[in-house]
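A.B. asks: Right, I'll just put the structure down here and ask away after.
The values are calculated or read from the model by the stated rules, or taken from the named source; none is laboratory data. Note that the structure is a prediction, hence the values are computed from the model and not measured. So basically every Cβ, Gly included, is an ideal-geometry build from the backbone, and we count neighbours across all protein chains shown. The area values use the complete protein model at the heavy-atom level, side chains included, leaving out ligands, DNA and RNA. Shrake-Rupley method; radii C 1.70, N 1.55, O 1.52, S 1.80 Å.
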Amino acid sequence: MQMLENQFVQKSSDKITENQGENSSIENFNEGAGRIYFDPQQAIADFESEIQTDLPTPARDAKIPTYLLNARILAKHREYKLALNLLREASNRDSNNPETLKLLAFCLDKTARLQEALIVRKNLVTVDYGFESLFGLATALYKVGRDQEALDKYFEALSVLTEEDDNLFELYKNMGNIFVRQGDFDGAEEYYNKAYTVNTQSDVLLVNFGTLEVQRNDFDKSLYCFRKAVEINPENDKAWVGLAMVHNQFGDSELAWANLETALDIKPQNRTAAHLAANWGLRDGKTLKAIEALQNYLGEVEEDEDMSLVLINLFCTTGQIDKALLEMERVLLWNPDHKEVRALKKKITSSQRAA
């Protein structure tokens, strides 16, 4: 202990000499540049603190910026899975690095790993509390269907907002969507209007407005919103589906079909459009169009048992039993225990043997 005290006194004396040579003021000594100690224990504590400060950063931490740089490059080129490998390694080295957590959550979102992204967003809020982190957490909750929790976090994000932010449009729009799902149409309109003040040229928001008016049975307003949306973006398949539904409501089935076919041309995997085509096809005697829409849809999506069942029923209705059996086999590959399909297949094969 005595040796350590002597070392520190010598070190302090050297600093005092250096500062005196530079005509340093007494105030500098009091601020720590050559401080004179009257308490040996305090001198030892400061000395040990200084030694710790001078220690080099561990080599493993120095790699994190490199991991982040390379992960950003990969993410920029949409190589999200490869970026995740680097980001997980960076996170293992420092689990509380905000930049790592932000990029990790982004890549998890892009690879549809929503539950993992939610966990990361929760951690990010604890280490980097603020509007951006709260918005990210709220949106993660929104994406997994935890609407009320998402709404609470959106309100919390707004409570800490100090200046305009690029995410405000998305925040207001999502809040409006939540209110629609909760049946609070006035609340939905309030937040859709807030979003509209941020961006008056969003075709996505106009589709949401149109959907809200459909819920209120105000089809004239909804027609206006959907028309405005396709004027802004003719490739918005949801807007064309909205137009189809409104024209069908007005009894104009030909125009409804034309709008629906436009939506399916733009995006064959639009589930609502394919389902409407199936329903209207049976109603209007256009089963071949319905079958085509469903086949195109199922060719684009990985798995949708309910829509496969609709297609099977359409095949059976039109006497295309072999195609129905083929679609049944496809469903059973995904779900061998599907009771309804197995029962239908057994019934058809028994009928064929009896014939």
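A.B. asks: Given bins 5 angstrom wide, list per bin the percent of all Cα-Cα distances in segment 301-340, short to long.
C.D. replies: Calculated P(r), rounded to whole percents: 6, 26, 35, 22, 10, 1.
A.B. asks: Working out 0.36 nm times the residue gap between residue 73 and residue 231, then minus their Cα-Cα distance, what length gain in nm do you get to one decimal? Could the numbers behind the result be given before it?
C.D. replies: Numbers: separation 158, 0.36 × 158 = 56.88 nm, distance 3.61 nm.
Taking residue 73 through residue 231 to full extension adds about 53.3 nm, to one decimal.
A.B. asks: With every protein chain present, what accessible area does residue 240 have (1.4 Å probe, heavy atoms only), rounded to the nearest 10 Å²?
C.D. replies: 50
A.B. asks: D for segment 265-316, whole µm²/s, Stokes-Einstein with Kirkwood Rh over alpha-carbon pairs at 25 °C and 0.890 mPa s: what number? Working shown, then result.
C.D. replies: Working: Rh = 10.6 Å.
Translational diffusion coefficient: 231 µm²/s.
A.B. asks: For segment 105-173, what is one quarter of the convex hull surface built on the Cα atoms, given in nm²?
C.D. replies: On the way: hull surface 17.5 nm².
Result: 4.4 nm².
A.B. asks: Okay, moving on. Of the heavy-atom accessible surface of segment 282-355 (probe 1.4 angstrom), what whole percent is carbon and sulfur? The partial results should precede the final answer.
C.D. replies: On the way: 2400 of 4720 Å².
Carbon and sulfur atoms account for 51 percent of the accessible area of segment 282-355.
A.B. asks: How many nm separate the modelled label positions at residue 305 and residue 339, each set 7 Å beyond the Cα in the direction of the Cβ?
C.D. replies: 1.1
A.B. asks: For residue 330 and residue 182 in one chain, what is 0.36 nm times their gap in residues minus the Cα-Cα distance, to one decimal in nm? All intermediate terms of the calculation are to be shown ahead of the outcome.
C.D. replies: On the way: separation 148, 0.36 × 148 = 53.28 nm, distance 3.65 nm.
Contour length minus the Cα-Cα distance gives 49.6 nm.
A.B. asks: Which of the GluC sites (Glu not before Pro) found in segment 180-251 are loop residues per DSSP with 13 or fewer other Cβ atoms within 10 Å of their Cβ? Don't jump to the answer; show the numbers that get you there.
C.D. replies: Working: sites: 189, 190, 213, 231, 235; in loops: 235.
Sites meeting the loop and neighbour criteria: 235.
A.B. asks: Ignoring everything but the protein chains, give the 1.4 Å probe accessible area of residue 211 in square angstrom, nearest 10.
C.D. replies: Roughly 60 Å² of residue 211 is accessible to a 1.4 Å probe.
A.B. asks: How are the C-alpha pair distances of segment 48-200 spread across 5 Å bins, as whole percents from the shortest bin up?
C.D. replies: Reading the bins upward from 0: 2, 9, 16, 16, 17, 13, 10, 7, 5, 2, 1, 1, 0.
A.B. asks: State, to one decimal in nm, how far the label point of residue 215 lies from the label point of residue 112, with both points 7 Å from Cα in the Cβ direction.
C.D. replies: 2.6
A.B. asks: A follow-up question, please. Find out how many positive minus negative residues lie around residue 175, taking Lys and Arg as positive, Asp and Glu as negative, among other residues whose Cβ is under 15 Å from that of residue 175.
C.D. replies: -4
A.B. asks: From the C-alpha gyration tensor of segment 164-244, pull out the three semi-axes of the equivalent ellipsoid (sqrt of 5λ each), sorted largest to smallest, in whole Å.
C.D. replies: On the way: eigenvalues 72, 52, 17 Å².
Square roots of five times the eigenvalues give 19, 16, 9 Å.
A.B. asks: Bin width 5 Å, alpha-carbon pairs only: give the P(r) of segment 275-355 as whole percents, running from 0 to the bin holding the largest distance.
C.D. replies: 3, 15, 28, 23, 18, 10, 3, 0
A.B. asks: How much area per residue is accessible in segment 238-292 when the probe is 1.4 Å and only protein heavy atoms are counted (Å²)? Don't jump to the answer; show the numbers that get you there.
C.D. replies: Working: 2680 Å² over 55 residues.
Averaged over the residues of segment 238-292, the accessible area is 49 Å².
A.B. asks: So if R0 is 22 Å, what FRET efficiency would residue 166 and residue 197 give, r being the distance between their Cβ atoms, rounded to the nearest 0.05? If you can, show how the numbers build up before the last one.
C.D. replies: On the way: r = 14 Å, r/R0 = 0.66.
Using R0 = 22 Å, I get an efficiency of 0.95.
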